[in-house]
Amino acid sequence: MSQQVRGVIAPGRDEPVRVETIVIPDPGPGEAVVKVQACGVCHTDLHYKQGGISDDFPFLLGHEAAGVVESVGPDVTEVAPGDFVILNWRAVCGRCRACERGRPWYCFNTHNAKQRMTLTDGTELSPALGIGAFAEKTLVAAGQCTKVDPSVPASVAGLLGCGVMAGIGAAINTGEVGRGDTVAVIGCGGVGDAAVVGARLAGAARVIAVDIDDRKLETARKMGATHTVNSRSTDPVEAIRELTGGFGADVVIEAVGRPETYRQAFYARDLAGTVVLVGVPTPEMKLELPLLDVFGRGGSLKSSWYGDCLPSRDFPMLIDLHQQGRIDLAAFVTETIGLGDVEQAFARMHEGDVLRSVVLL
């Protein structure tokens with residue numbers, strides 16, 4: 001039997017979000033209903049609100065979440081009612097060509113729940129990244145649920161559902177940062193700071209944080225950056241080269257998603273170095289680089305989808321590292337808020353005052 005809960009929707013392009021009553025259907029085959037305990041406010045939710053991802057309004061926002069499985073549909077074996085889970089937006093199919101080649105983190109057929117959640121008048125909602133977790137409960141594909149240790153607070157665990165995993169994975173999985181490497185991270189928001197954490201975790205000898213905001217640079221230093229560069233007042237390419245003996249960094253992680261910062265990343269890497277793009281560009285952006293430079297500098301230019309993570313492998317591992325004190329996931333939580341505070345959280349995000357606002361339910 002369907003049930004009604006409160007949730008935050010974006011009704012139209014750039015309209016203020018509002019709390020509405022949401023109808024959650026019973027889970028069908030391969031689906032699960034999750035009682036959401038915490039959900040981070042991510043830039044991707046803001047992109048949905050602004051119409052930067054699609055025009056399929058109204059959206060049920062929220063995707064960086066953790067909670068407890070309430071019920072499951074037929075044929076679900078991955079999780080059971082009562083399991084504490086982190087939600088992910090790339091449920092691996094296990095059957096596509098990437099999965100069959102043993103590269104499930106590249107799964108080309110990720111999936112979501114087949115049923116739609118609705119408003120009480122029957123209007124179908126588009127859940128952000130197939131999750132829609134700014135709600136007391138949500139309906140997802142069971143494969144979007146990754147079971148982890150329930151002793152970790154949901155406000156911390158949920159961060160792995162998107163931004164923190166994207167940043168750590170960009171360093172460890174996509175960039176393959178190794179012991180003794182020099183890493184530069186351009187853009188020190190939540191994803192960039194997570195990339196700093198990932199680089200240090202992988203054994204980088206030097207981590208150079210680049211941003212235009214001294215407050216963000218100070219936070220990046222607390223997260224493990226060994227050097228900082230304010231690119232508003234200093235040429236970041238020259239600064240990174242100066243800090244690396246004139247060569248450039250082994251790995252440069254671009255966590256902004258803009259052509260100008262990507263060019264900085266491209267020219268700030270060492271010969272045969274790696275550039276990782278984890279910042280998300282908008283559809284109209286174009287990049288122009290001399291093809292001879294692309295050829296002559298060698299190395300790798302990579303895009304990082306969700307930190308190339310495999311949730312079943314990476315989420316439990318990072319939770320364990322947090323519990324061991326080797327990474328501090330709680331340091332990413334700037335504030336906790338209620339469902340009615342999401343619009344204000346978007347404003348604080350614009351002002352650069354927070355790493356993560358986390359909705360508690």
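Note on Q3 and T123: the model spin-label points, each 7 Å out from Cα along the C-beta direction, lie 2.4 nm apart. Counting lysine pairs in the chain whose alpha carbons fall under 18 angstrom apart, excluding pairs fewer than 8 residues apart on the same chain, gives 5.
Under 11 Å from a label point 7 Å along Cα→Cβ of H47: give me every residue in the stretch 263-285 with its amide N that close. Within reach of a label on H47, which here means backbone N under 11 Å from a point 7 Å along Cα→Cβ, the stretch 263-285 contributes 278-284.
Which value, in debye to the nearest 20, describes the size of the charge dipole of the stretch 146-222 about its Cα centre when Lys and Arg Cβ atoms bear +1, Asp and Glu Cβ atoms bear -1, and nothing else is charged? Intermediate values should be presented prior to the final figure.
Working: 8 positive and 8 negative charges, 32 e Å.
Roughly 160 debye, rounded to the nearest 20.
Taking label positions 7 Å along the Cα-Cβ direction at both T334 and D214, the computed distance is 1.8 nm, reported to one decimal.
Per the 1.4 Å probe, what fraction of the accessible area of the stretch 127-285, in percent, lies on carbon and sulfur atoms?
Numbers: 2710 of 5480 Å².
The value for the stretch 127-285 is 50 percent carbon and sulfur by accessible area.
Residues whose amide H comes within less than 5 Å of that of I253, counting only those at least five positions distant or on another chain, are A184, V185, I186, V276 (H built at 1.01 Å from N in the peptide plane).
Within 10 Å, count the other beta carbons around each residue, average over each peptide in 300-309, 169-178, and list them highest first. Before the final figure, lay out the partial values.
Values: 300-309: 20.3, 169-178: 25.0.
Ranking the peptides 300-309, 169-178 by packing returns 169-178, 300-309.
Treating only the Cβ of Lys, Arg, Asp and Glu as charged (+1, +1, -1, -1), what charge dipole size does the stretch 1-106 show about its Cα centre? Round to the nearest 20 debye.
Numbers: 10 positive and 14 negative charges, 70 e Å.
So the magnitude is around 340 debye.
What residue among D270, D250, D75 has the largest mean-square fluctuation in a Gaussian network model of the chain, using Cα springs under 10 Å? Top of the fluctuation ranking is D75.
Note on R258 and D75: the model spin-label points, each 7 Å out from Cα along the C-beta direction, lie 4.7 nm apart.
Each residue of the stretch 259-275 is assigned a 3J(HN,Hα), and the resulting list reads x, 5, 6, 5, 4, 4, 4, 4, 8, 8, 8, 5, 4, 6, x, 10, 10 Hz, derived from the Karplus form 6.51 cos²θ - 1.76 cosθ + 1.60 (θ = phi - 60°), x at Gly and Pro. Close amide H partners of D270, meaning residues 5 or more places away or on another chain with modelled amide H under 5 Å apart, are A249, D250. Between the beta carbons of L360 and V294, assuming R0 = 45 Å, the FRET efficiency works out to 0.45 to the nearest 0.05. Looking at the stretch 1-136, the accessible area is 44 square angstrom per residue; that uses a 1.4 Å probe and ignores ligands, DNA and RNA.
Assign unit charges at the C-beta atoms only (+1 for Lys and Arg, -1 for Asp and Glu), then state the dipole size of the chain relative to its Cα centre in Debye, rounded to the nearest 20. Show your work: numbers first, answer last.
Details: 33 positive and 44 negative charges, 153 e Å.
Charge dipole of the chain: 740 debye, to the nearest 20.
The percentage of C-alpha pairs in the chain whose separation is greater than 32 Å is 30%. Here's how it looks for N109: its modeled amide H is under 5 Å from those of C93, which are all 5 or more places away or on a different chain.
Between M117, M317, M349, find the one with the highest GNM mean-square fluctuation for the chain; connect C-alpha pairs within less than 10 Å. Among M117, M317, M349, the largest GNM mean-square fluctuation belongs to M317. Computed over Cα pairs, the Kirkwood radius of the stretch 272-361 leads via Stokes-Einstein (1.567 mPa s, 4 °C) to a diffusion coefficient of 76 µm² per second.
The values are calculated or read from the model by the stated rules, or taken from the named source; none is laboratory data. Model, not experiment: these values are computed from the prediction. Cβ sites come from the backbone with ideal geometry, for glycine too, and all protein chains shown count toward neighbours. Accessible surface areas use protein heavy atoms only, side chains included; no ligands, DNA or RNA. Shrake-Rupley method; radii C 1.70, N 1.55, O 1.52, S 1.80 Å.
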